[in-house]
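None of the figures in this text is laboratory data; all of them are computed from the coordinates on show. The shown structure was predicted, so the numbers you read here are calculated from the model rather than taken from an experiment. In this analysis, Cβ positions are derived from the backbone assuming ideal geometry, glycine residues included, and neighbour counts consider all displayed protein chains.
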Amino acid sequence: MAGPHISITELPPRVQELLHDLPNGEEIVIDSKDGPVAIVRASDRPKPGISEAIARLEERERELGHPLRMGADFADDLEEIIANRKPRDTSKWD
């Protein structure tokens, strides 16, 4: 599975972003002027659960020194989604 190719000079500033967004099993090929020098492949790491997500948000609040708040537009969108929910059709599951 070939993924995006990046220059070796791009790696240090972008490494966290690239590795964080890399889906399981995907690859990044690191190139130099002489061709590929490395392949970074995402491990099959488990997705974080709700407890981990809450812990990350609480840590971010401590870093910022104030509670995180939902933006008004997001809150409005979420309310609209909830108001327009339809019952799940499970008839095709059998």
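Descriptive notes on the structure:
- Sorting 73-79, 22-28 by average packing, meaning the other beta carbons within 10 Å per residue, from highest down gives 22-28, 73-79.
- Principal-axis tilt of helix 11-20 within the chain, Cα atoms, nearest 10 degrees: 40
- In degrees, nearest ten, helix 50-64 long axis to first principal axis of the chain (Cα): 80
- 0 to 90° range, to nearest 10: angle between helix 72-83 axis and the chain longest Cα axis: 60
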